[in-house]
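Participant: Right, I'll just put the structure down here and ask away after.
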Amino acid sequence: MNAPPHDHVAPENGGILSLLKRTWWTGRQYDAMCMTPQRLRRGQEERLRHLIDIARARSPYYREKFRDVPPGCTDLTQFPVTTKADMMAHFDDVVTDPAVTREGVEQFISDTRNVSRSFLGKYCVAHTSGSQGQPTLIVQDQLVLDLLFAFQMTRGNPAFRGLKRFTQIVRNVFNPTRVAVLISQQGFFPSAWVWQRLPKYMHCYMRFLFLPANDPDLVAKLNDFRPMVVTATPTTLDLLSLKIDQLRFPDLRQAVTWSETLTEPARRRISEAFQVPVMDNYAMGECIFLTNGCATATGAHINADCVIVEVVDDQNRPVPHGQLGHKVLITNLANTVQPFIRYEIGDRLVMATEPCRCGNHLPRIEKLLGRAADFFWVNTAAGFRPLTAYPFQHAFDYLREIREWQAEQVERNRLLVRLEPVPATTPDLKKARHRLEERLAITGMQADLDIEFQTVSHLATDAHTAKFRRMISRVGIPDDLDPSLKEVASDFALFQA
């Protein structure tokens, strides 16, 4: 088998030579932004051929799935689609290392103390959750993580352009970039876990502050840190922008959002409050380096040298740029441990039809549907506060007997939580309640809520929209909500009866 065509440096050994090599490799990730479409396609095809060769040789699942596709073929439209259900049902046959098993991964992530450790001493593991049921288990090597951070330092950094990129690298050695990361919960969820896997050499160029988004001293700690970059979900940054009069960020250069849809009104408010470019990254656990946000246009640029994104209709036929697709198919060209080849994602995208004025030649997602943040407005002693889906997700995703969950706000501070079990199992409602109360305690709203639990045989999609709703509000936005908060609330998907 040929060496992987990523020109990746060897594992870190702490020496100055290793640091220089890794710095050079990181800086070179800028190059793809300037490639012609022809050169980009050649690189894609080389990496795709390498990935398919490995999948055929080492993955029993893909060997069988691709048996009718001619050897050497790199026309993805000739290959069958893989769904999340397929991936999880055949997990042990999908992975290319027989030492990796679903049982072993599940046992590893059941202990959150393992979050900063490598599975089997060499793999990075995470899990995510979707509307199809149980969490997707994700196994990858350090290359995938290195690409993520290298892309963020280069393609996701508006200052890293032209000749400036060389002077910035030198400047960062003497004045490391201070990055404030606001997360909702520690664990193996990609948005929190990924920061535990930061390559060591990057600490030479960056200083990090990790804070829970609901930290009672959030403003004071941020002001003491004086971040140059702040990264969080759009909801967190939008609400933080309401406190702009209390914030002291004289060196702030950019804000980076992820995990939720960034609406145009929210982008405008965040940008106007912080007076910096807002870079909106779109990704998922199956391909965490998928895009980097654009400082001059909506959407995000696809890192197409290392991932292939197909926008398709409901029959998996290509949809032209400028038209809304029914779903997307992702082929992660860097993950050879657990190949994701034409992997189905339910998000709906519109690709831009014109070159981007920022100068980045990589293709750009112009519009994304299907990732709005859901939250309830809860009445607390401190006034109305938003309760997002994250405490529920973080509580129930670790309970393997739960196939799906749904939270309904039946009154302002009264919730009904429905749990659908995996077939032939019975959810432990006492354990589920304990897990949720732990997460709600972090938000400071545990004492304000009255929660009832139910076990149901099946959670159906909404009869009117044919979409599954995890968060349903029967009471909506409070009439007497502060006007500044009401504008924030109107931008997000708050499902009402």
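The values are calculated or read from the model by the stated rules, or taken from the named source; none is laboratory data. As the structure is a computational prediction, the values presented were derived from the model and not from experiment. Using ideal geometry, Cβ is built from the backbone for each residue, glycine included, and neighbour counts are taken over all protein chains shown.
Participant: Please count how many residues of the range 47-82 are surrounded by 14 or more Cβ atoms within 10 Å (Cβ to Cβ) and in contact (Cβ under 8 Å) with a residue 24 or more places away in the chain.
Facilitator: 19
Participant: Just one of the numbered conditions (1) out of contact with any helix residue (DSSP H, G or I) (no Cβ under 6 Å at 6 or more places or on another chain); (2) of a type in the set (Phe, Trp, Tyr); (3) at pLDDT below 95 is not true of Phe79; which one?
Facilitator: Phe79 satisfies all of (1) out of contact with any helix residue (DSSP H, G or I) (no Cβ under 6 Å at 6 or more places or on another chain); (2) of a type in the set (Phe, Trp, Tyr); (3) at pLDDT below 95 except (3).
Participant: For a quick check of your reading of the model, give me the residue pairs whose first member lies in the range 213-226 and is within 13 Å of Leu239 (Cα to Cα), whose second is in a loop (DSSP other than H, G, I, E, B) and among the small types (Gly, Ala, Ser), with beta-carbon atoms closer than 9 Å and at least 6 apart or on different chains.
Facilitator: Ala213/Ser184; Asn214/Ser184; Asn214/Gly444
Participant: If I ask for residues that are in contact with a Phe, Trp or Tyr (Cβ under 8 Å, 6 or more places away or on another chain), at pLDDT 90 or above and among the small types (Gly, Ala, Ser), which ones from the range 88-125 would you list?
Facilitator: Answer for the range 88-125, where residues must be in contact with a Phe, Trp or Tyr (Cβ under 8 Å, 6 or more places away or on another chain), at pLDDT 90 or above and among the small types (Gly, Ala, Ser): just Gly104.
Participant: May I ask you to verify whether Leu211 is within 25 Å of Ile270 (Cα to Cα), buried (at least 19 other Cβ atoms within 10 Å of the Cβ) and assigned by TED's automatic domain parsing to the domain that holds Gln254? First the steps, then the outcome.
Facilitator: Details: within 25 Å of Ile270 (Cα to Cα): yes; buried (at least 19 other Cβ atoms within 10 Å of the Cβ): no; assigned by TED's automatic domain parsing to the domain that holds Gln254: yes.
No.
Participant: Exactly one condition in (1) touching a helix residue (DSSP H, G or I) at 6+ places or on another chain (Cβ under 7 Å); (2) of a type outside the set (Ser, Thr, Tyr); (3) free of Cβ contacts under 8 Å to residues at least 40 places away in the same chain is not met by Val350; state its number.
Facilitator: Val350 satisfies every listed condition except (1).
Participant: Then there is this: Need the failing condition index for Leu239 against (1) more than 30 Å from Gln38 (Cα to Cα); (2) buried (at least 22 other Cβ atoms within 10 Å of the Cβ), just the number.
Facilitator: Failing condition for Leu239: (2).
Participant: Further, regarding this structure: Restricting attention to the range 219-229, does a residue exist that is part of a loop (DSSP other than H, G, I, E, B), in the same structural domain as Val181 (by TED's automatic domain parsing) and within 24 Å of Leu387 (Cβ to Cβ)?
Facilitator: So in the range 219-229, the residues part of a loop (DSSP other than H, G, I, E, B) come out as 226-228.
Narrowing the set further to residues that are in the same structural domain as Val181 (by TED's automatic domain parsing) leaves 226-228.
Narrowing the set further to residues that are within 24 Å of Leu387 (Cβ to Cβ) leaves none.
Checking the range 219-229: not a single residue is part of a loop (DSSP other than H, G, I, E, B), in the same structural domain as Val181 (by TED's automatic domain parsing) and within 24 Å of Leu387 (Cβ to Cβ).
Participant: Taking the range 212-236, which residues are within 24 Å of Gln152 (Cα to Cα), touching a Lys or Arg at 6+ places or on another chain (Cβ under 9 Å) and at pLDDT below 90?
Facilitator: If the condition is that a residue be within 24 Å of Gln152 (Cα to Cα), touching a Lys or Arg at 6+ places or on another chain (Cβ under 9 Å) and at pLDDT below 90, then Pro234 is the only one that fits.
Participant: Next question. Provide a single number: the residues in the range 466-480 that are at pLDDT below 85, in contact with a strand residue (DSSP E or B) (Cβ under 9 Å, 6 or more places away or on another chain) and over 13 Å from Leu416 (Cα atoms). Working first, answer last.
Facilitator: As a first pass, look at the range 466-480 and keep what is at pLDDT below 85: 466-470, 476-477, 479-480.
With the extra rule that they be in contact with a strand residue (DSSP E or B) (Cβ under 9 Å, 6 or more places away or on another chain), the set shrinks to 468-470, 476-477, 480.
If we keep only those that are over 13 Å from Leu416 (Cα atoms) too, we end up with 468-469, 476-477, 480.
The number of residues fulfilling the criteria is 5.
Participant: Moving on. Is there a residue in the range 411-419 that is within 15 Å of Leu387 (Cα to Cα), touching a helix residue (DSSP H, G or I) at 6+ places or on another chain (Cβ under 6 Å) and either modelled with pLDDT under 90 or polar (S, T, N, Q) (or both)? Please lay out each step first, then the result.
Facilitator: In the first step, residues of the range 411-419 are kept if they are within 15 Å of Leu387 (Cα to Cα); the result is 411-417.
Next, only the ones that are touching a helix residue (DSSP H, G or I) at 6+ places or on another chain (Cβ under 6 Å) stay: 413.
Narrowing further to those that are either modelled with pLDDT under 90 or polar (S, T, N, Q) (or both): 413.
Checked the range 411-419: at least one residue is within 15 Å of Leu387 (Cα to Cα), touching a helix residue (DSSP H, G or I) at 6+ places or on another chain (Cβ under 6 Å) and either modelled with pLDDT under 90 or polar (S, T, N, Q) (or both).
Participant: Suppose the filter is over 30 Å from Asn157 (Cβ atoms) and either in contact with a helix residue (DSSP H, G or I) (Cβ under 6 Å, 6 or more places away or on another chain) or of a type in the set (A, V, I, L, M, F, W, C) (or both); does Pro391 pass it? Give the derivation first.
Facilitator: Numbers: over 30 Å from Asn157 (Cβ atoms): yes; either in contact with a helix residue (DSSP H, G or I) (Cβ under 6 Å, 6 or more places away or on another chain) or of a type in the set (A, V, I, L, M, F, W, C) (or both): yes.
Yes; evaluated as a whole, the condition is true for this residue.
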